[in-house]
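Working notes, structure below.
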Amino acid sequence: MKAIVVREFGGPEVLRVEEVERPRPARGQVVVRIHAAGVNPADTYQRAGTYAVLPQRPYTPGTDGAGVVEAIGEGVTSVAVGARVYLARSLSGTYAEAALASEAQVHALPDAIEFAQGAGLYVPYGTAYHALVHHARVRAGETVLVHGASGGVGIAAVQFATALGLTVFGTAGSERGRELVRREGAAQVFDHGAADCSDAIVRASGGRGVDVILEMLANVNLGRDLKLLAPRGRVVVVGSRGDVTITPRDLMSRRGSIHAFTLWAIDDAESREIHAAIAAGLANGTLRPVVGRELPLAEAARAHREVVEPGAFGKIVLVP
(Lines give C-alpha, C1' and ligand atoms only; values in the text may rest on other atoms or scores of the structure.)
Protein backbone atom coordinates (compact mmCIF):
# COMPACT_ATOMS: atom_id res chain seq x y z
CA MET A 1 0.00 0.00 0.00
CA LYS A 2 1.03 3.63 -0.35
CA ALA A 3 2.00 5.71 2.68
CA ILE A 4 3.91 8.88 3.45
CA VAL A 5 7.21 7.99 5.12
CA VAL A 6 9.57 10.37 6.93
CA ARG A 7 13.14 9.03 7.15
CA GLU A 8 14.79 12.22 8.39
CA PHE A 9 13.52 15.36 10.08
CA GLY A 10 13.45 18.44 7.90
CA GLY A 11 11.30 20.54 5.59
CA PRO A 12 8.12 19.45 3.79
CA GLU A 13 10.24 17.80 1.10
CA VAL A 14 11.07 14.90 3.47
CA LEU A 15 7.46 13.69 3.13
CA ARG A 16 7.71 10.98 0.48
CA VAL A 17 5.25 8.42 -0.85
CA GLU A 18 6.52 4.86 -0.47
CA GLU A 19 5.18 1.35 -0.87
CA VAL A 20 4.91 -0.28 2.56
CA GLU A 21 3.43 -3.51 3.87
CA ARG A 22 -0.27 -3.35 4.65
CA PRO A 23 -0.85 -3.71 8.41
CA ARG A 24 -2.40 -6.79 9.96
CA PRO A 25 -4.20 -6.59 13.30
CA ALA A 26 -2.99 -8.46 16.37
CA ARG A 27 -5.18 -9.05 19.41
CA GLY A 28 -7.05 -5.89 20.39
CA GLN A 29 -6.12 -4.10 17.19
CA VAL A 30 -8.04 -2.73 14.21
CA VAL A 31 -7.03 -1.97 10.63
CA VAL A 32 -8.85 1.01 9.10
CA ARG A 33 -8.91 1.70 5.37
CA ILE A 34 -8.26 5.43 5.35
CA HIS A 35 -10.58 7.59 3.25
CA ALA A 36 -9.20 10.90 4.60
CA ALA A 37 -6.34 11.91 6.89
CA GLY A 38 -6.33 15.19 8.80
CA VAL A 39 -3.33 17.54 8.67
CA ASN A 40 -2.49 19.44 11.87
CA PRO A 41 0.18 22.05 12.65
CA ALA A 42 1.67 19.62 15.19
CA ASP A 43 2.38 17.24 12.29
CA THR A 44 4.66 19.88 10.78
CA TYR A 45 6.53 20.44 14.05
CA GLN A 46 7.17 16.70 14.39
CA ARG A 47 8.34 16.47 10.78
CA ALA A 48 10.74 19.35 11.37
CA GLY A 49 12.08 17.72 14.55
CA THR A 50 11.10 20.67 16.74
CA TYR A 51 8.15 19.15 18.64
CA ALA A 52 8.38 18.20 22.31
CA VAL A 53 7.53 14.56 21.53
CA LEU A 54 9.22 13.08 18.48
CA PRO A 55 8.54 9.70 16.81
CA GLN A 56 11.25 7.22 16.00
CA ARG A 57 12.25 7.34 12.35
CA PRO A 58 11.22 6.18 9.85
CA TYR A 59 7.58 6.91 10.57
CA THR A 60 4.29 7.71 8.86
CA PRO A 61 2.78 11.01 10.10
CA GLY A 62 -0.82 11.65 11.01
CA THR A 63 -2.96 11.57 14.13
CA ASP A 64 -6.40 12.16 12.62
CA GLY A 65 -8.13 9.99 10.08
CA ALA A 66 -11.46 8.51 9.04
CA GLY A 67 -12.47 5.49 7.03
CA VAL A 68 -13.90 1.99 7.18
CA VAL A 69 -12.83 -0.90 9.40
CA GLU A 70 -11.02 -3.38 7.15
CA ALA A 71 -9.98 -6.03 9.68
CA ILE A 72 -10.14 -6.66 13.42
CA GLY A 73 -7.95 -8.69 15.72
CA GLU A 74 -8.97 -11.25 18.29
CA GLY A 75 -10.90 -9.82 21.23
CA VAL A 76 -12.14 -6.66 19.48
CA THR A 77 -15.83 -6.15 20.29
CA SER A 78 -16.60 -2.42 19.96
CA VAL A 79 -16.36 -2.24 16.16
CA ALA A 80 -16.99 -4.63 13.27
CA VAL A 81 -15.59 -4.95 9.78
CA GLY A 82 -17.30 -2.42 7.52
CA ALA A 83 -18.01 0.12 10.27
CA ARG A 84 -17.47 3.82 9.55
CA VAL A 85 -15.00 5.23 12.09
CA TYR A 86 -12.71 8.11 12.94
CA LEU A 87 -9.31 7.70 14.56
CA ALA A 88 -7.96 9.40 17.64
CA ARG A 89 -4.29 8.58 17.07
CA SER A 90 -3.11 5.26 15.67
CA LEU A 91 -0.23 2.83 15.94
CA SER A 92 1.05 3.36 12.42
CA GLY A 93 0.11 6.89 11.28
CA THR A 94 -2.82 8.03 9.17
CA TYR A 95 -1.07 9.48 6.09
CA ALA A 96 -1.56 6.13 4.36
CA GLU A 97 -4.06 3.95 2.55
CA ALA A 98 -4.62 1.98 5.77
CA ALA A 99 -3.76 2.49 9.43
CA LEU A 100 -3.30 0.13 12.37
CA ALA A 101 -4.91 1.24 15.63
CA SER A 102 -5.75 -0.11 19.03
CA GLU A 103 -9.44 -0.72 19.68
CA ALA A 104 -9.52 2.27 22.06
CA GLN A 105 -8.32 4.61 19.30
CA VAL A 106 -11.26 3.83 17.00
CA HIS A 107 -14.59 5.66 17.35
CA ALA A 108 -17.90 5.48 15.50
CA LEU A 109 -18.47 8.03 12.73
CA PRO A 110 -22.14 8.90 12.11
CA ASP A 111 -23.47 8.31 8.60
CA ALA A 112 -24.26 12.02 8.24
CA ILE A 113 -20.61 12.99 8.69
CA GLU A 114 -18.39 12.73 5.62
CA PHE A 115 -15.01 11.01 5.90
CA ALA A 116 -13.20 14.28 5.21
CA GLN A 117 -15.05 15.82 8.16
CA GLY A 118 -14.27 12.81 10.32
CA ALA A 119 -10.58 13.36 9.59
CA GLY A 120 -10.91 16.73 11.32
CA LEU A 121 -12.41 15.53 14.59
CA TYR A 122 -9.94 14.34 17.20
CA VAL A 123 -7.16 16.92 17.34
CA PRO A 124 -9.30 20.02 16.60
CA TYR A 125 -12.35 19.11 18.68
CA GLY A 126 -10.42 17.29 21.38
CA THR A 127 -8.12 20.28 21.76
CA ALA A 128 -11.00 22.77 21.84
CA TYR A 129 -12.97 20.82 24.46
CA HIS A 130 -9.88 20.16 26.59
CA ALA A 131 -9.00 23.87 26.52
CA LEU A 132 -12.48 25.20 27.26
CA VAL A 133 -13.76 22.66 29.76
CA HIS A 134 -10.79 20.98 31.44
CA HIS A 135 -8.50 24.02 31.64
CA ALA A 136 -10.52 27.24 31.38
CA ARG A 137 -13.50 25.64 33.20
CA VAL A 138 -15.87 27.88 31.27
CA ARG A 139 -19.32 28.74 32.54
CA ALA A 140 -22.39 29.71 30.53
CA GLY A 141 -22.66 33.48 30.20
CA GLU A 142 -18.90 34.10 30.03
CA THR A 143 -17.17 35.67 27.05
CA VAL A 144 -14.46 33.76 25.17
CA LEU A 145 -12.08 35.16 22.57
CA VAL A 146 -10.79 32.62 20.06
CA HIS A 147 -7.63 33.88 18.37
CA GLY A 148 -7.19 32.33 14.93
CA ALA A 149 -10.79 31.20 14.90
CA SER A 150 -10.99 30.23 11.21
CA GLY A 151 -8.67 27.22 11.45
CA GLY A 152 -9.55 23.67 12.49
CA VAL A 153 -9.15 24.13 16.25
CA GLY A 154 -10.61 27.63 16.08
CA ILE A 155 -13.84 26.56 14.39
CA ALA A 156 -14.16 23.65 16.82
CA ALA A 157 -13.77 26.07 19.73
CA VAL A 158 -16.36 28.49 18.31
CA GLN A 159 -18.88 25.67 17.92
CA PHE A 160 -18.24 24.14 21.34
CA ALA A 161 -18.29 27.52 23.11
CA THR A 162 -21.53 28.53 21.42
CA ALA A 163 -23.15 25.24 22.42
CA LEU A 164 -21.97 25.75 26.02
CA GLY A 165 -23.73 29.13 26.26
CA LEU A 166 -20.73 31.43 25.94
CA THR A 167 -20.57 34.70 24.04
CA VAL A 168 -17.92 34.12 21.40
CA PHE A 169 -15.53 36.67 19.92
CA GLY A 170 -13.21 35.48 17.16
CA THR A 171 -10.30 36.77 15.12
CA ALA A 172 -9.21 35.81 11.61
CA GLY A 173 -6.80 37.19 9.05
CA SER A 174 -9.03 37.21 5.96
CA GLU A 175 -12.56 38.36 5.21
CA ARG A 176 -13.38 34.85 3.98
CA GLY A 177 -12.19 33.44 7.30
CA ARG A 178 -14.06 36.06 9.31
CA GLU A 179 -17.29 35.27 7.48
CA LEU A 180 -16.80 31.58 8.30
CA VAL A 181 -16.33 32.39 11.98
CA ARG A 182 -19.51 34.49 11.99
CA ARG A 183 -21.42 31.70 10.27
CA GLU A 184 -20.31 29.17 12.89
CA GLY A 185 -21.64 31.21 15.80
CA ALA A 186 -19.32 34.02 16.84
CA ALA A 187 -21.12 37.13 18.09
CA GLN A 188 -18.35 39.44 16.86
CA VAL A 189 -15.33 38.85 14.66
CA PHE A 190 -12.18 40.96 14.32
CA ASP A 191 -9.25 41.26 11.94
CA HIS A 192 -6.24 40.28 14.02
CA GLY A 193 -4.00 42.15 11.60
CA ALA A 194 -5.71 45.49 12.22
CA ALA A 195 -3.84 48.03 14.34
CA ASP A 196 -6.90 48.68 16.51
CA CYS A 197 -7.86 45.02 16.98
CA SER A 198 -7.21 44.94 20.74
CA ASP A 199 -9.05 48.22 21.32
CA ALA A 200 -12.02 46.97 19.29
CA ILE A 201 -12.23 43.79 21.39
CA VAL A 202 -12.20 45.77 24.64
CA ARG A 203 -14.94 48.07 23.31
CA ALA A 204 -17.02 45.07 22.24
CA SER A 205 -16.79 43.71 25.80
CA GLY A 206 -18.16 46.96 27.19
CA GLY A 207 -14.74 47.82 28.61
CA ARG A 208 -14.72 44.82 30.94
CA GLY A 209 -12.47 42.52 28.92
CA VAL A 210 -13.00 38.85 28.10
CA ASP A 211 -13.19 35.96 30.54
CA VAL A 212 -11.29 33.39 28.48
CA ILE A 213 -8.86 33.58 25.56
CA LEU A 214 -7.88 30.57 23.47
CA GLU A 215 -4.50 31.43 21.99
CA MET A 216 -3.26 29.59 18.90
CA LEU A 217 -0.03 31.60 18.47
CA ALA A 218 1.21 32.61 21.89
CA ASN A 219 4.62 33.80 20.75
CA VAL A 220 2.87 36.55 18.77
CA ASN A 221 -0.17 37.40 20.89
CA LEU A 222 0.26 36.39 24.53
CA GLY A 223 1.63 39.74 25.74
CA ARG A 224 -1.36 41.57 24.27
CA ASP A 225 -3.80 38.90 25.44
CA LEU A 226 -3.13 39.64 29.09
CA LYS A 227 -4.28 43.24 28.62
CA LEU A 228 -7.63 41.99 27.24
CA LEU A 229 -8.60 39.87 30.24
CA ALA A 230 -11.53 40.59 32.54
CA PRO A 231 -11.06 40.13 36.30
CA ARG A 232 -10.11 36.47 36.99
CA GLY A 233 -9.68 35.96 33.26
CA ARG A 234 -7.86 32.94 31.86
CA VAL A 235 -5.66 32.48 28.80
CA VAL A 236 -5.27 28.95 27.49
CA VAL A 237 -2.24 28.47 25.25
CA VAL A 238 -3.15 26.07 22.47
CA GLY A 239 -0.16 26.74 20.21
CA SER A 240 3.14 28.60 20.14
CA ARG A 241 6.12 28.74 17.78
CA GLY A 242 8.70 30.56 19.88
CA ASP A 243 9.50 32.62 22.95
CA VAL A 244 7.41 35.50 24.25
CA THR A 245 7.77 38.42 26.66
CA ILE A 246 4.89 39.27 29.01
CA THR A 247 4.23 41.82 31.72
CA PRO A 248 3.30 39.87 34.87
CA ARG A 249 1.52 42.88 36.37
CA ASP A 250 -1.12 42.54 33.64
CA LEU A 251 -1.99 39.21 35.23
CA MET A 252 -1.56 40.37 38.81
CA SER A 253 -3.89 43.33 38.50
CA ARG A 254 -6.60 41.13 37.03
CA ARG A 255 -5.94 38.09 39.23
CA GLY A 256 -5.67 36.28 35.92
CA SER A 257 -3.96 33.06 34.91
CA ILE A 258 -2.24 31.37 31.97
CA HIS A 259 -2.87 27.69 31.27
CA ALA A 260 -1.14 25.40 28.80
CA PHE A 261 -1.43 21.75 27.87
CA THR A 262 -0.70 19.05 25.36
CA LEU A 263 -3.51 16.84 24.11
CA TRP A 264 -1.15 13.85 24.21
CA ALA A 265 -1.15 13.96 28.04
CA ILE A 266 -4.90 13.55 28.62
CA ASP A 267 -5.92 10.75 30.96
CA ASP A 268 -8.51 8.05 30.32
CA ALA A 269 -11.34 9.94 32.03
CA GLU A 270 -10.65 13.10 30.02
CA SER A 271 -10.49 11.05 26.82
CA ARG A 272 -13.87 9.43 27.49
CA GLU A 273 -15.41 12.82 28.19
CA ILE A 274 -13.96 14.33 25.02
CA HIS A 275 -15.28 11.59 22.79
CA ALA A 276 -18.69 11.62 24.50
CA ALA A 277 -18.90 15.37 23.88
CA ILE A 278 -17.90 14.94 20.23
CA ALA A 279 -20.47 12.18 19.74
CA ALA A 280 -23.23 14.27 21.30
CA GLY A 281 -22.33 17.34 19.26
CA LEU A 282 -22.29 15.42 16.00
CA ALA A 283 -25.63 13.84 16.86
CA ASN A 284 -27.41 17.09 17.70
CA GLY A 285 -25.76 19.17 14.97
CA THR A 286 -23.90 21.64 17.17
CA LEU A 287 -20.56 20.32 15.87
CA ARG A 288 -20.00 20.64 12.13
CA PRO A 289 -16.39 20.04 11.01
CA VAL A 290 -15.46 22.42 8.20
CA VAL A 291 -13.15 21.09 5.48
CA GLY A 292 -11.30 23.86 3.72
CA ARG A 293 -9.24 21.79 1.31
CA GLU A 294 -8.82 18.19 0.20
CA LEU A 295 -5.49 17.20 -1.35
CA PRO A 296 -4.17 13.91 -2.72
CA LEU A 297 -1.88 11.95 -0.39
CA ALA A 298 1.05 12.63 -2.72
CA GLU A 299 0.67 16.37 -1.99
CA ALA A 300 1.41 16.02 1.72
CA ALA A 301 4.31 18.46 1.40
CA ARG A 302 1.96 21.13 0.03
CA ALA A 303 -0.48 20.44 2.87
CA HIS A 304 2.30 20.94 5.43
CA ARG A 305 3.21 24.28 3.92
CA GLU A 306 -0.37 25.51 3.75
CA VAL A 307 -1.48 24.42 7.24
CA VAL A 308 0.92 26.90 8.89
CA GLU A 309 0.31 29.79 6.49
CA PRO A 310 -1.81 32.81 7.52
CA GLY A 311 -5.43 32.92 6.41
CA ALA A 312 -6.54 29.51 7.70
CA PHE A 313 -9.94 28.29 6.52
CA GLY A 314 -11.19 25.09 8.06
CA LYS A 315 -9.38 21.76 7.96
CA ILE A 316 -6.89 20.48 5.40
CA VAL A 317 -7.19 16.75 4.69
CA LEU A 318 -5.28 14.27 2.57
CA VAL A 319 -7.15 11.73 0.44
CA PRO A 320 -5.27 8.47 -0.32
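The values are calculated or read from the model by the stated rules, or taken from the named source; none is laboratory data. Just so it is clear, the model here is predicted, and its values are computed rather than measured. Ideal geometry is used to build each Cβ from the backbone, glycine not excepted, and the neighbour counts take in all protein chains shown.
What to note about this one:
- Of the set (1) touching a Pro at 6+ places or on another chain (Cβ under 7 Å); (2) crowded, with 24+ Cβ neighbours inside 10 Å, all apply to Leu229 but (1).
- Subset tally (residues that are touching a strand residue (DSSP E or B) at 6+ places or on another chain (Cβ under 6 Å) and surrounded by fewer than 24 Cβ atoms within 10 Å (Cβ to Cβ)) for segment 140-167: 3
Residues are listed down the side, and each one gets a yes or a no for (1) surrounded by fewer than 18 Cβ atoms within 10 Å (Cβ to Cβ); (2) assigned to a helix (DSSP H, G or I); (3) assigned by TED's automatic domain parsing to the domain that holds Asp191; (4) of a type in the set (D, E, K, R):
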| position | (1), (2), (3), (4) |
| --- | --- |
| Ala276 | yes, yes, no, no |
| Ala279 | yes, yes, no, no |
| Leu282 | no, yes, no, no |
| Arg293 | yes, no, no, yes |
| Ala300 | no, yes, no, no |
| His304 | no, yes, no, no |
| Ala312 | no, no, no, no |
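- For the residues Gly73, Gly49, the requirement of being more than 23 Å from Ala300 (Cβ to Cβ) and surrounded by fewer than 21 Cβ atoms within 10 Å (Cβ to Cβ) singles out Gly73.
- Cβ-Cβ distances below 9 Å connect the following pairs, each with a first residue in segment 76-95 that is touching a residue at least 40 places away in the same chain (Cβ under 8 Å) and over 16 Å from Val6 (Cβ atoms), a second residue that is surrounded by 15 or more Cβ atoms within 10 Å (Cβ to Cβ) and among the charged types (D, E, K, R), and a separation of six or more residues or different chains: Val76/Glu103; Val79/Glu103; Leu87/Asp64; Ala88/Asp64.
- Qualifying positions in segment 174-196 - among the basic types (Lys, Arg) and in contact (Cβ under 8 Å) with a residue 60 or more places away in the chain: Arg176
- Single match in Pro25, Pro12 (criterion: over 21 Å from Ala300 (Cβ atoms), of a type outside the set (Gly, Ala, Ser) and touching a residue at least 60 places away in the same chain (Cβ under 8 Å)): Pro25
- Checking each residue in segment 243-271 for being more than 17 Å from the chain's Cα centre (by Cα) and more than 26 Å from Ala230 (Cα to Cα) picks out Asp267, Asp268, Ala269.
- Look at segment 150-173: where a residue is more than 17 Å from Leu121 (Cα to Cα) and a partner is among the basic types (Lys, Arg) and surrounded by fewer than 24 Cβ atoms within 10 Å (Cβ to Cβ), sitting 6+ places away or on another chain with Cβ atoms under 6 Å, you get Ala172/Arg178.
- Every residue from segment 178-201 that is acidic (Asp, Glu) and in contact with a Ser or Thr (Cβ under 8 Å, 6 or more places away or on another chain): Glu184, Asp191
- Which listed residue is out of contact with any strand residue (DSSP E or B) (no Cβ under 9 Å at 6 or more places or on another chain), buried (at least 19 other Cβ atoms within 10 Å of the Cβ), under 30 Å from Gly233 (Cα atoms) and modelled with pLDDT of 95 or more, from Tyr129, Tyr122: Tyr129
- The residues on offer are Ser198, Ser205, and the sole one that is surrounded by fewer than 22 Cβ atoms within 10 Å (Cβ to Cβ) and touching a Leu at 6+ places or on another chain (Cβ under 7 Å) is Ser198.
- Of all residues in segment 74-88, at least one satisfies being under 17 Å from the mean Cα position of the chain (by Cα) and farther than 16 Å from Pro25 by Cβ.
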